[in-house]
Structures are given as C-alpha cells and as structure tokens.
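Below: the structure, in structure tokens.
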Amino acid sequence: MGLFTEVLLLPLAPVRGSLWAIRQALAEAERVYYDPATVRAELALLERRLGEGEITEEEFDREEDALLDRLDIAMGRISGTGDTSGTGDGTTS
C-alpha cells in the first residue's frame with residue numbers, strides 16, 4: 001500500500017517540498033523574532049530614540065509594551081512553559 005500511495009502522490013512532491021521550505025523559513029523567522037537578545041537590542045534602540053526626541057513618550061510606551069510582551073513570550077519559550085499569553089503567569093488577560 002505504501003508504494004502505491006507514493007506513486008499516486010509523486011506529482012505533489014514539488015508542493016510538499018515547497019511547504020517544507022516555507023515551514024523552515026517561518027521557524028527561523030520566529031526564532032529570530034523571539035530571540036531575547038534581539039528584543040533587548042530593540043528596547044535599547046527604542047530608549048535611544050526617545051532620548052534623542054525621535055519619538056514621543058506615548059509612542060515609546062506603546063512600543064515598549066509590545067517589546068516587553070514579546071520578551072515575556074520569548075522567556076516562556078526558553079523556560080519551556082509555553083506561556084504565549086504575554087501575562088507571564090499562565091493566565092490569559
């Protein structure tokens with residue numbers, strides 16, 4: 001049965017290969033996006049922009065909250081808790 005299935009699905013091999021490549025690219029993008037070092041660097045840049053007057057206090061607060069939520073998720077991934085709610089306590093807000 002396995003050989004018969006493989007022969008029937010052979011025309012779909014390029015699609016399966018493309019899906020695999022997309023999944024790999026997405027996994028790498030998520031790894032970089034949630035990397036704590038990347039998030040901390042973005043926080044430092046944000047603070048510099050505030051200090052230089054490039055952004056307002058409101059913009060800083062909004063972007064800082066988003067980055068801290070992302071850092072919270074990243075730390076949850078590292079610790080293995082899988083908490084992606086952004087609250088850090090295992091509950092959803």
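No lab work stands behind these numbers, since they all come straight from the coordinates. This structure is a prediction, so every number in the text was calculated from the model and none was measured. So basically every Cβ, Gly included, is an ideal-geometry build from the backbone, and we count neighbours across all protein chains shown.
The condition of being of a type outside the set (D, E, K, R) and under 30 Å from residue 6 (Cα atoms) holds for only one of 44, 37, 25, that being 25.
Tell me, which residue of the range 39-74 that is β-branched (Val, Ile, Thr) and within 13 Å of the chain's Cα centre (by Cα) is surrounded by the most Cβ atoms within 10 Å (Cβ to Cβ)? Full working, then the answer.
Of the residues in the range 39-74, the ones β-branched (Val, Ile, Thr) are 39, 55-56, 73.
Narrowing further to those that are within 13 Å of the chain's Cα centre (by Cα): 39, 73.
Values: 39: 21, 73: 19.
Here the residue is 39.
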